[in-house]
Amino acid sequence: MSALMGLSPLLLLVAAGLAIMLVDAFTSERSELALVTAASLFVGAALAGAMLAGGDIAPAPDVVTRYLAVDELGLFFDIVICVGAGLSALLAGGYLREHGFERGEFYVLIIFTAFGAMVLARAVDLLSIFLGLETMSLGAYALVAYRRTSARAVEGAVKYFLLGSFAAAILLFGSALLYGATGHTDLAGIREVVAAGEADATLTILALVMLIAGLAFKVGAVPFHMWVPDAYEGAATPVTTFMSVGVKAAAVAVLLRVLVGAFGDPVSMGLYTGWTPVIMLMAIVTMVYGNLAALAQTSVKRMLAYSSIAHAGYILVGLAAVHEAGSFAVSSVLYYIAAYTVSNVLAFGSLILMGSKGKEAVSYDDLAGAGRRHPMAAFPFVIGVLSLLGMPPTAGFFGKYYVFSAAVSAGGPMIWVAVIGVLASAVGAYYYLKVIVYLFMREPEEDQPIAVPMQSIYVTVALVLAGYYVLKMGITPSRYLDWAASAASSLIG
Amino acid sequence: MTTQYLTWLLAIPALSALVVLLLPRSWETATKRFAIGAMLVEFIVSTRLILADYSEAGYRFVEHVTWVESFGISYKVGVDGISLWLVILTTLLSPIALYASWGSIKTRIKEYAFSFLLLELGMLGAFVALDLFLFYVFWELMLVPMYLIIGVWGGKDRVYAAVKFFLYTMVGSLLMLVAILYVVASYEKLAGHYTFDLQELSTLFLPAVPQYLLFSAFALAFAIKVPMFPFHTWLPDAHVQAPTGGSVILAAVLLKLGIYGFIRFAMPLFPVASQTLGPVLAGLGVVGIIYGAYAAWVQRDLKKLVAYSSVSHMGFILLGLFAMNRHGVSGAILQMINHGISTGALFLLVGVIYDRRHSRMLDDFGGLAKVMPWYTLFFLIITLSSIGLPGTNGFVGEFMILAGSFFSRTSIGFGSSWFVMTLLATTGVIFAAVYMLHAVLRIFWGKVVHPENESLPDLNRREVVSLLPLIVLVFWIGLYPKFFLDKMNPAVDSFISDFTIRYYEGRRTVEPHLTDLDELKLRLKGVRSLAMTESTGEDVQR
């Protein structure tokens, strides 16, 4: 039994998912499934946190670790994904009920999607990567389409599904080529062959390009971002929240495992010989495009979608710095993901809080004057956007500081990437501030219906938790920095 | 014994801001009184700093606590003779500005008080921080409350002005962040551990090219804040739109942070670049002096006039600072205080008539001297201080700056450049008299043209109380500047001599290296005793 202790967060989620399915079949509409879901996800996060903080992970049998890593990196992503999913479930508990389409399968889907994401984040074999990816993606497609009466949701889901299938196919093709080039499906084996220079170069490069393309799609990096705005806008807001934190985190995790794990030797990673320039370029384009496109939006939800693309760019900056800055850069990526998770939940959650039945807050106009009428409801929104913008003393500031610090210590062209990054994030100031401008400095038009904040204990709790961690990770970040550092060192010594 | 005065100084506004947030919305008077009371306590606590002994250079009241160990970030604060007066200026003007605000701010009292307390925290933190990370945190922390003060309680175009203010400052400070990270990363490569401690980082010497780039990044952030010509365009907008209290704090304290940043961070860290580029910045300062004065002259809006006069005055301060001698630097620091007092007071005075007439246009006034005699008197005193009449504070500061710049020996290639700059700056003093007296003439003298002006009430108690301390300081500094200069001079002397030593070491730097200042001093002493017989200290350089 103790052999599987390292996987306990995953096992717990499977059990909880099955149990909720059963409970849902036999109980009435008003059962508090959101609470049960969030609680099991938080327990999962707590289990992972206890193991990560304790520092001793029970070794799992070989048959497991061949496919799923039982390491600090996996635990770190367990925490991030469980917290992101748990907070999204809480938001859903308020949102779905308020807007009248709460059904039990939603929570089951969230739990299983989170499970898929956690499997993906631990996957160390091309097969388990694909399995995890599909488990996660199928859940995510269904979640996006969950509000089936809305044309936008269906449109977003179809786009996401079609493009996602292509991306998965490309990834699979890449995996096949990689197997052909190296004769291995496990990342450790691939690493050995690649590092020894025994793999066929052309095939390996082709495979790597395809793997990067397939995973960049899930991360939402330019030029594989086309689905992001539509899917994010169409999906119910709690789903958007989960997609932007959980799904993205898992994709980053597997990107780290593939690029740094399997292709982490100096040549494959090198500035002139390896994947670093590709990621660097992608980071630049993603940051610039994401921020500029977010400027033009009139819908806050869509703006947050583009901002999530921009944040993928900052994450890639950290990844591109790995070739010189090593585990410092990896841990900067991890910390950024964690900080981004709580900040984004805070921003999306505040957007949810701002609307109520019949009038959901979506556009900037819906927010006009809301801060004057309901200052307590607007306050978390301000903290959320300031954290996304990277103002001290929030988690977002430390995250940004950390990735740019990794980029600058990598030196060479990475310094200029950091300069481009900070300038792009200065552009970000404009549209994040626009939220504050509308909340506090504008009044609604005369004939416009006014969005009234909803009253929901679930949403309130989610916001309080997210806000607490946004400030805590910004003021006393040491503990989380240590976690990120120990997770990073399990990937790269 | 551990003295935690500075932590208390930061804790009082922070805790008071939280308390204000928790007070019920309907307790308006209580909120007002509480916020003012907290700021007055803050001022009283801060006066304890003056009593310390500043006869030798170095930081007092230093506290050092590790914050984030793995990054070498620490909470390190302290004051020296330079930051002392800026801290006092902040703690003095914050309650005055807030008290004056209660005349015109009628809505959202609670949020206003909260923003003001947060702003005070940010400003004080930036003045006492001795850790670059800590400084950056406070530097950014100031931005949000000021943005809200302009954007929520400002005039008609407040949103535009607030966003412009925020974006300008943000671009500069983000590039500074990258520069800070570069310095820290270079330090780490040599020393093997991270630190953001200013004193440790200033042992780092970098070769010329990175120094120029890094100094430029710092200088951009600070020049935008000062604001130095041509980065000044946010200032008139922000001032015109900001409520009176916001303008006072903006002019009196926030602008000083730009200059302070140069003194505390940019110049010590990058001596070679600042020695070479300093005269250029001083030259831009001179352009600012003349441009600001001209622009002020043609304004018809009194508040805009004062805003442009700020650009002009800040040009003087840049000129004095980069002259890099005792007169210039001390004069610049003293003039920072003076500008805080006189321009702060001018914005208060503009607020007084705006509250009564809801106009600031010069054309709408005339003959006010008969209607509001006390107001006229106060305005005249401040005007004379602003144009530097002997006996007022402005004279002392400007005279020292001009003297410093006249005798400056830092060179950009042609020897007479400082002479020319001083000459041009002197014309700025004359222009100052022109535009200020022009405004006084239009507002106060002559007949009462507009019937609305005939029955304007004179200064009320609130206005007199908020102006009086500033009037006292105008004469105190004007007649007995020694009290202020004595505390400042040792710090200034050591600033200049340390800078010079670092400059010569920096000139020889080809590879990045770490060298302690004390070691450099010892080395220099040896050289100097050899060279003493034949030359002055000027060419110690080998």
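Any read-out appearing in this document is the output of simple, stated calculations on the displayed coordinates, not a laboratory observation. None of the values given here were measured: they were computed from a predicted structure. FYI the Cβ positions are ideal-geometry reconstructions off the backbone, even for glycines, and counts take in every protein chain you see.
A compact table of results
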quantity	calculated
R0 of 22 Å, Cβ-Cβ distance A:S489-A:L271: FRET efficiency to nearest 0.05	0.45
Label-to-label distance, nm, for residues given as A:E446 and B:L51 (7 Å Cα→Cβ offset)	6.4
Where labels lie 7 Å past Cα in the beta-carbon direction, separation of B:S494 and A:S165 in nm	7.4
GluC sites (Glu not before Pro), loop per DSSP, at most 16 other Cβ atoms within 10 Å - longest free stretch of chain B	B:57-533
Reach of A:K218 by Cα under 20 Å, taken over aspartates and glutamates that are not fewer than 8 positions away in the same chain	A:D78, A:D125, A:E134, A:E155, A:D230, A:E233
Rounded to the nearest 20 debye, dipole of chain B from Cβ charges on Lys, Arg, Asp, Glu	1140
Size of charge dipole - region B:274-479 - debye, nearest 20, with Cβ of Lys, Arg +1 and Asp, Glu -1, no other charges	100
Region B:274-479: relative contact order as a whole-number percent, Cα under 8 Å and 6+ apart	30
For region A:352-493, radius of gyration divided by Kirkwood radius, i.e. Rg to Rh on alpha-carbons	1.08
Reciprocal of mean inverse Cα separation for region A:19-82 (Kirkwood radius, Å)	13.7
Student exercise, region A:2-491 dipole from Lys, Arg, Asp, Glu Cβ charges, in Debye to nearest 20	800
Alpha-carbon spread of region A:29-170, three principal axes, descending order, Å	47, 38, 18
Loop-resident sites, region B:6-108, for trypsin sites (Lys or Arg not before Pro), counting at most 12 other Cβ within 10 Å (DSSP)	B:R25, B:K106
Cut-off 12 Å between beta-carbons: net charge of the residues surrounding B:L51, Lys and Arg +1, Asp and Glu -1	+2
q = 0.07, 0.09, 0.11 Å⁻¹, region B:274-479: log10 I(q)/I(0) [Debye, one scatterer per Cα]	-0.22, -0.36, -0.51
Sequence of B:V448, A:V437 once ranked by neighbouring C-beta atoms within 10 Å, starting from the fewest	B:V448, A:V437
For region B:294-358 versus region A:371-446, the gap between their alpha-carbon centres in whole angstrom	32
Neighbourhood net charge (14 Å Cβ-Cβ; Lys/Arg +1, Asp/Glu -1) for B:G278	+2
Rg/Rh (Cα only; Kirkwood hydrodynamic radius) as it applies to the protein assembly as shown	1.01
Dipole-positive endmost among A:A370, A:A406, A:S308 within chain A (Cβ charges, Cα centre)	A:A370
Positive dipole terminus of region A:2-491, leading residue within A:V222, A:V247, A:I420 (C-beta point charges)	A:I420
Signed unit charges on C-beta, dipole axis of region A:2-491, positive-most listed residue A:S137, A:A69, A:L465	A:L465
Estimated distance in nm for a label pair at B:L18 and B:V472, the labels positioned 7 Å out from Cα along Cα-to-Cβ	3.3
Relative contact order (percent, whole number), chain B, Cα cutoff 8 Å, 6+ residue spacing	16
Region B:378-448 - Rg over Rh from alpha carbon coordinates, Kirkwood radius	1.14
Chain A, relative contact order [Cα under 8 Å, separation at least 6], %	16
Cα-based equivalent ellipsoid of chain B: semi-axis lengths in Å, sorted from largest, via gyration tensor	39, 28, 20
Debye log10 I(q)/I(0) at q = 0.09, 0.14, 0.21 Å⁻¹ for region B:48-190, Cα point scatterers	-0.37, -0.82, -1.30
Hull volume in cubic angstrom per residue (convex hull over the Cα atoms of chain A)	123
Whichever aspartates and glutamates have a C-alpha closer than 14 Å to that of A:K434, once near sequence neighbours (fewer than 8 apart) are set aside	A:D365, A:D366, A:E443
